[in-house]
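Student: Right, I'll just put the structure down here and ask away after.
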Amino acid sequence: MEKVLKKLLVFFLTFYAFTAALAQQTVQIKSEAANSPYDIQDSVMITTRDGARISAMVVRKKGVTNPLPAILQFTIYVRDKGRDMKSLKESADNGYVGVMAYTRGKRFSPDEIWPYEHEANDTYEVIDWISKQSWCNGSVGMFGGSYNGFTQWAACKKLHPALKTIVPYVANRPGMGLPMENNVFVNPNYEWSFYVGNNKYLDTLAGNNRQRFRKMMFDWWRQGIAYNKMDSLDGVPNKWFQRWVSHPSFDAYWQNMAPYKNDFGHINIPILAFDGYYNDSQNSSLYYIRELQKYSPQTPCYLVIGPYGHFGTQIGGERVVNQYKVDSVALFDIKKITYQWFDYILKKGKKPEMLKDKINYEVMGANEWRSASSLDKMSNASLKLYMSHKKAKDFYVLSSQKPIGQTYLEQTVDFADRENSNNSYYPDPILTKDINTSNGYIFISEPLTEPMLVNGSFLGQLTFSINKKDVDLGVTLYELLPTGEYFHLSYYIGRASYANDITTRQLLMPDKIVKVSFSNTHLISKQLSKGSRLVVAINVNKNPFSELNYGTGKVVSEETINDAKEALQIKWYNDSYIEVPVWK
């Protein structure tokens, strides 16, 4: 009995200490709230018309009685409350109401988490709710990067009248860039899905466990099982990955997530976008701008772009990107310009001085900013170079003269060989002493007789034949400097069977010559030196970092190493070419 009484005493003392501490903490929170200059609502729940619940936070400055424009961030990243709250307080400090809403299923939302799928509808619902609050004057702006950039464009699919402007940084476009690029699935989104989908906040244990997912990726590569069975090697089913790989075409699943084709014609609000030359998902972000300029050329859309990566763009650049030291003028205060833009659009303020024209870009190597009225106007000429069969020492000639007579270079790719990878296209490091010459073909131009400004996205056409029904292609563009170093300019990877139409697969006829055009490459601006040469590497994409296309014509994610019994034979014809946009 005495032992029981002691245990009860310990329990009540512990409980008392806990409740006392809790009460003290509550008093402290209330005291801080009373002394805070902000009016904070951190547990807002917004119900959508289909019954979903969206968790949100609202921050206003105390003492402000007149309605203000609201600045919305719509995100899947439920970060440390202090970090999210700091961002909302910045909006309030700049004379706005700060609102942060989270993807359905996140934070306090009871719903299931499916990245990308509901944002077009849910952003509309949240903006509608904001516009009806007494503290809002009926105007809403949005900003943020990566996924938060995507949600802004998603909000434009069905544009709410209250949404007056968006400021997307490195915006994702699901199905275009990630989780697949030109219809080739790439691996980074695999672990990301666990990071954002495993719980109501963020699963940092899974997100930071690179060793786990690299092991799974390389086990898949070595064992040669089907790509869509990769999660079996991890031992944890990945429902998001499975849903994505079941849509290899850019079909209605992807189209419904954000503006597509004629949807862009209805977008009439001013837009300011930020991006980087070395942003992995750059073709996602620039897709929106290109389509907007195509379907709604009258809509004012501005772009600031420079030598930044995905994360660096979101902070206005970093001094070093992929081991390359950027020009000093490239760095800027992105938050300052963002709020100057909001003042310009929502408060009739002054346009940010940085925006000299619609397209504003930093020229690498020249340490200067330039401007153009559109992406196409960044260049006023192009350099057309053919991939000749003629030798140039260890490489082949990249010629300005169209070849007379058709011939080819032949390459064999053994998909059963897992000791060797093909297509080292990734720009890290940007500046390197060597490039991989062990497979594929390398073409080199004559030295430049004067400096040249490469400005825009290169395009081209590959003429080839294969003994199979499909192939994934890689093209990488370099500058070979007079010092002997290679500067990575841009690249392309894509599936041949989708080159004509990303929504519909069109298999190739074995041994028939085809011409595959490509243009969805990464945009760049770089001052090339006198004496530099352009270098082009062409290859078949075969490596552990993306889906492996064995060329059978079956669903690629279902192919296995058993489909590699016959090696791929590809003949690269000498009328293949690239066109490099330049400014003269």
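Student: Would you please name the residue that is nearest to W221 (Cα to Cα), looking only at residues in region 424-441 that are more than 28 Å from the chain's Cα centre (by Cα) and open to solvent by less than 60 Å² (accessible area, probe 1.4 Å)?
Tutor: So, considering only residues that are more than 28 Å from the chain's Cα centre (by Cα) and open to solvent by less than 60 Å² (accessible area, probe 1.4 Å), the one nearest to W221 (Cα to Cα) is N439.
Student: A follow-up question, please. With Q506, Q569 as the choices, which residue is more than 25 Å from the chain's Cα centre (by Cα), within 30 Å of R222 (Cβ to Cβ) and open to solvent by 20 Å² or more (accessible area, probe 1.4 Å)?
Tutor: Result: Q569 is the single residue among Q506, Q569 that is more than 25 Å from the chain's Cα centre (by Cα), within 30 Å of R222 (Cβ to Cβ) and open to solvent by 20 Å² or more (accessible area, probe 1.4 Å).
Student: Filter region 440-478 down to the residues that are outside any strand (DSSP E or B) and acidic (D, E) and list them by number. Please lay out each step first, then the result.
Tutor: At the first step, the residues of region 440-478 found to be outside any strand (DSSP E or B) are 440, 445-451, 457-458, 467-471.
Matches in region 440-478: E446, E450, D470.
Student: Conditions: (1) among the charged types (D, E, K, R); (2) modelled with pLDDT under 95; (3) in contact with a strand residue (DSSP E or B) (Cβ under 9 Å, 6 or more places away or on another chain). D80 meets all but one. Number of the miss?
Tutor: Unmet condition: (3).
Student: Further, regarding this structure: If I go through region 544-566 residue by residue, how many of them are open to solvent by 10 Å² or more (accessible area, probe 1.4 Å) and either of a type in the set (D, E) or outside any helix (DSSP H, G or I) (or both)?
Tutor: 10
Student: Picking from E485, E479, which residue would you name as being crowded, with 22+ Cβ neighbours inside 10 Å and closer than 27 Å to K584 by Cβ?
Tutor: Of the residues listed, the single one that is crowded, with 22+ Cβ neighbours inside 10 Å and closer than 27 Å to K584 by Cβ is E479.
Student: Here is a further query. For residues that are open to solvent by 50 Å² or more (accessible area, probe 1.4 Å) and not hydrophobic (A, V, I, L, M, F, W, C), tally how many sit in region 54-83.
Tutor: 11
Student: Right, something else. Check off (1) within 30 Å of S529 (Cβ to Cβ); (2) among the hydroxyl-bearing types (S, T, Y); (3) in contact with a strand residue (DSSP E or B) (Cβ under 9 Å, 6 or more places away or on another chain) for S465 and give me the number that stays unchecked.
Tutor: Unmet condition: (1).
Student: Still on this structure, please answer the following. Among the listed residues S134, S193, S139, which satisfies the condition of being assigned to a helix (DSSP H, G or I) and among the small types (G, A, S)?
Tutor: Criteria check complete, one pass: S193.
Student: Among the residues of region 528-535, is any open to solvent by less than 30 Å² (accessible area, probe 1.4 Å), assigned to a strand (DSSP E or B), of a type outside the set (D, E, K, R) and more than 28 Å from L448 (Cβ to Cβ)?
Tutor: Within region 528-535, none of the residues are open to solvent by less than 30 Å² (accessible area, probe 1.4 Å), assigned to a strand (DSSP E or B), of a type outside the set (D, E, K, R) and more than 28 Å from L448 (Cβ to Cβ).
Student: For D470, indicate whether it is open to solvent by less than 10 Å² (accessible area, probe 1.4 Å), in contact with a Ser or Thr (Cβ under 6 Å, 6 or more places away or on another chain) and either more than 22 Å from P429 (Cα to Cα) or modelled with pLDDT under 95 (or both).
Tutor: Judged against the criteria, D470 is a match.
Student: Quick check on region 234-292: of everything there that is of a type in the set (A, V, I, L, M) and assigned to a helix (DSSP H, G or I), which residue is most open to solvent (accessible area, probe 1.4 Å)?
Tutor: Our first condition is that a residue be of a type in the set (A, V, I, L, M); within region 234-292, this holds for 236, 245, 252, 257-258, 267, 269, 271-273, 286, 289, 292.
Subset that is assigned to a helix (DSSP H, G or I): 245, 252, 286, 289, 292.
On the way: V245: 9, A252: 54, L286: 0, I289: 1, L292: 1 Å².
If we take residues in region 234-292 being of a type in the set (A, V, I, L, M) and assigned to a helix (DSSP H, G or I), then A252 is most open to solvent (accessible area, probe 1.4 Å).
Student: Would you mind telling me which numbered condition in (1) at pLDDT below 95; (2) over 29 Å from the mean Cα position of the chain (by Cα); (3) open to solvent by less than 70 Å² (accessible area, probe 1.4 Å) S421 fails?
Tutor: Here S421 clears every test but (2).
Student: Of G51, G144, G95, which residue is crowded, with 24+ Cβ neighbours inside 10 Å, of a type outside the set (S, T, N, Q) and at pLDDT 95 or above?
Tutor: Matching residue, one of G51, G144, G95: G144.
Student: Consider only pairs whose beta carbons are under 7 Å apart and that are at least six residues apart or on different chains; among these, list those whose first residue lies in region 564-584 and is within 16 Å of I442 (Cα to Cα) and whose second residue is among the acidic types (D, E) and open to solvent by 10 Å² or more (accessible area, probe 1.4 Å).
Tutor: Within 7 Å, the pairs are K571/E410.
Student: Please count how many residues of region 158-199 are open to solvent by less than 30 Å² (accessible area, probe 1.4 Å) and within 11 Å of the chain's Cα centre (by Cα).
Tutor: 13
Student: Taking the residues in region 322-346 that are aliphatic (A, V, I, L, M), open to solvent by 10 Å² or more (accessible area, probe 1.4 Å) and in contact with a Pro (Cβ under 9 Å, 6 or more places away or on another chain) as candidates, determine which candidate is farthest from P270 (Cα to Cα). Steps first, answer last, please.
Tutor: The first filter runs over region 322-346 and keeps only residues aliphatic (A, V, I, L, M), leaving 326, 329-331, 334, 337, 345-346.
Those left that are additionally open to solvent by 10 Å² or more (accessible area, probe 1.4 Å): 326, 329, 331, 337, 345-346.
Then drop every residue that is not in contact with a Pro (Cβ under 9 Å, 6 or more places away or on another chain), which leaves 326, 337, 345-346.
Values: V326: 30, I337: 15, I345: 8, L346: 11 Å.
So the residue we want is V326.
Student: Report, by residue number, each residue of region 350-383 that is among the small types (G, A, S) and either assigned to a strand (DSSP E or B) or under 14 Å from P270 (Cα atoms) (or both).
Tutor: Hits for region 350-383 are S371, A372, A381, S382.
Student: Does at least one position in region 109-120 carry a residue that is out of contact with any Phe, Trp or Tyr (no Cβ under 7 Å at 6 or more places or on another chain), closer than 17 Å to V44 by Cβ and of a type in the set (A, V, I, L, M, F, W, C)?
Tutor: No: zero hits.
Student: Can you tell me which condition T521 does not meet? The list is (1) open to solvent by less than 20 Å² (accessible area, probe 1.4 Å); (2) closer than 16 Å to V536 by Cα; (3) assigned to a strand (DSSP E or B), and all the others hold.
Tutor: Of (1) open to solvent by less than 20 Å² (accessible area, probe 1.4 Å); (2) closer than 16 Å to V536 by Cα; (3) assigned to a strand (DSSP E or B), only one is false for T521: (3).
Student: Turning to a different aspect of this structure: List every residue pair whose Cβ atoms lie under 6 Å apart, where the two residues are 6 or more positions apart in sequence or sit on different chains, the first residue falls within region 370-385 and is in contact (Cβ under 8 Å) with a residue 40 or more places away in the chain and within 24 Å of L272 (Cα to Cα), and the second residue, located anywhere, is polar (S, T, N, Q) and in a helix (DSSP H, G or I).
Tutor: From region 370-385, the pairs are S374/Q293.
The values are calculated or read from the model by the stated rules, or taken from the named source; none is laboratory data. All figures in this text were calculated on a predicted structure; none of them were measured in a lab. Glycine gets a Cβ as well: all are built from the backbone with ideal geometry, and neighbour counts include every protein chain shown. We work out accessible area using only protein heavy atoms, side chains counted, and drop any ligands, DNA or RNA first. Shrake-Rupley method; radii C 1.70, N 1.55, O 1.52, S 1.80 Å.
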